Amino acid sequence: MFKLIPTIFLGLALILGFLVNPVSANQKSEVIPFNDLMSLMENKEITYTGSSHDDRPMKVTKKNGKWQMEQTEAGEVSEIISAEENRIKMEDYPSNWIINGTWTFSKSGTKCQINHTDKKELEMYWKC
């Protein structure tokens, strides 16, 4: 019985340590290199939603060595650049478009998405 006491204390210490500082691999998103992120988006059926307009189709392609996103209904295009840490930036759309800005990537199962960092209601999603 007394031989089990150190084992019990060690187990309790581990449990208490985890409760005080819970760290798991799923809590922090894996940082995906920019070109890998773009490859996840390239030629996919991307839906842009959350604006005051209906959902809009988007398409990511690479042209002349640069990544770009096209709002396919309007034919407007913006270059996509890295904003570090699973973020991308688009600023070449017309200046009054709320789509301009920085977007953060996340993935849940087979659903990939990017969310606008300033206008949280804006989202683009696709099957990845």
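Just so you know, all these numbers are worked out from the coordinates, no wet-lab data involved. Quick caveat: nothing in here was measured; it's all calculated off a predicted structure. Neighbour counts run over all protein chains shown; Cβ positions are idealised from the backbone, glycine included.
Straight distance only, please: which lysines reach the Cα of residue 107 with their own Cα at less than 28 Å, same-chain residues fewer than 8 apart left out?
Straight-line reach from residue 107, under 28 Å: 28, 44, 59, 62, 63, 66, 89, 119, 120, 127.
At 7 Å along the Cα-to-beta-carbon direction for both residue 55 and residue 74, put a label point, then send me their distance in nm to one decimal.
Each label point is offset 7 Å from its Cα along the Cβ direction, giving 1.9 nm.
Classify the stretch 34-127 from the C-alpha gyration tensor, please: rounded if a/c falls under 1.5, else prolate or oblate depending on whether a/b exceeds b/c.
Since a/c stays below 1.5, the shape of the stretch 34-127 is classed as rounded.
Once you put a point 7 Å from the Cα of residue 62 and another 7 Å from the Cα of residue 117, both along the Cβ direction, what distance in nm separates them?
2.4
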